[in-house]
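Structure first, commentary second.
The values are calculated or read from the model by the stated rules, or taken from the named source; none is laboratory data. A quick note: this is a predicted structure, and the numbers were derived from the prediction, not measured. So basically every Cβ, Gly included, is an ideal-geometry build from the backbone, and we count neighbours across all protein chains shown.
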Amino acid sequence: MVKGASMVALFSSTGGATMYRRVSILAALTLAAVPLLGACRGNSYSCSGGVCHVTVNGAGQTLELKDNYITVTRISGDAMTVRMGTSGTVTIAEGQSSQVGPVTIKVTSVNGDEVKFDLT
């Protein structure tokens, strides 16, 4: 433990029994930050006039756009593969568009593990 580090008590209750465990503040903050790191992948979108311009860095991410959940399952070469809800996957090449559920997705660029697309 780091000299001078304070302690906090974390507890959980199961069936009437309460368990206490002393953990350094540094450890508690580190554990609290772990979920945030997964979200810091540089994804972004903006919507205007019925069109959303989306940038996704890395496959396996789910976004909620226009009341739909869209998962980018793969980014490779010059294409991306997406799935909407429980529907099957659709692969869309750069410069191409495809109907995916109730929306149309047009891939505007693929660069490494980054893909940009428009959703209407």
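Considering the stretch 95-106, the residues that are polar (S, T, N, Q) and out of contact with any Ser or Thr (no Cβ under 8 Å at 6 or more places or on another chain) include one that is surrounded by the fewest Cβ atoms within 10 Å (Cβ to Cβ), namely 99.
Of the residues making up the stretch 75-120, those that are over 15 Å from residue 54 (Cα atoms) and in contact (Cβ under 8 Å) with a residue 60 or more places away in the chain number 0. When residue 48 is tested against (1) surrounded by 10 or more Cβ atoms within 10 Å (Cβ to Cβ); (2) modelled with pLDDT of 90 or more, exactly one condition is not met: (1). Do the conditions hold for residue 64, that is, is it charged (D, E, K, R) and at pLDDT 95 or above? So residue 64 does not fit the description; no.
Please verify whether residue 62 is in a strand (DSSP E or B) and either among the hydrophobic types (A, V, I, L, M, F, W, C) or in contact with a Phe, Trp or Tyr (Cβ under 8 Å, 6 or more places away or on another chain) (or both), treating the condition exactly as stated.
Numbers: in a strand (DSSP E or B): yes; either among the hydrophobic types (A, V, I, L, M, F, W, C) or in contact with a Phe, Trp or Tyr (Cβ under 8 Å, 6 or more places away or on another chain) (or both): yes.
So residue 62 fits the description; yes.
Anything in the stretch 52-74 that is in contact (Cβ under 8 Å) with a residue 24 or more places away in the chain and farther than 19 Å from residue 110 by Cβ? List them, or say none. Walk me through how you get there before you give the answer.
We begin by selecting, within the stretch 52-74, every residue in contact (Cβ under 8 Å) with a residue 24 or more places away in the chain; these are 52-59, 65-66, 68, 70, 72.
Of everything in the stretch 52-74, those that are in contact (Cβ under 8 Å) with a residue 24 or more places away in the chain and farther than 19 Å from residue 110 by Cβ turn out to be 66, 68.
I need the full set of residues from the stretch 45-62 which are of a type in the set (A, V, I, L, M, F, W, C) and within 21 Å of residue 94 (Cβ to Cβ), in order please. Can you show your working first?
Residues of the stretch 45-62 that are of a type in the set (A, V, I, L, M, F, W, C), as a first pass: 47, 51-52, 54, 56, 59.
Matches in the stretch 45-62: 51, 52, 54, 56, 59.
If you scan the stretch 65-78, which residues turn out to be assigned to a loop (DSSP other than H, G, I, E, B) and within 22 Å of residue 47 (Cβ to Cβ)?
Our first condition is that a residue be assigned to a loop (DSSP other than H, G, I, E, B); within the stretch 65-78, this holds for 66-67, 77-78.
Scanning the stretch 65-78 gives 66, 67.
From the residues in the stretch 77-94 that are at pLDDT 95 or above and of a type in the set (Gly, Ala, Ser), which one is surrounded by the fewest Cβ atoms within 10 Å (Cβ to Cβ)? Filtering the stretch 77-94 for residues that are at pLDDT 95 or above and of a type in the set (Gly, Ala, Ser), the one surrounded by the fewest Cβ atoms within 10 Å (Cβ to Cβ) comes out as 93.
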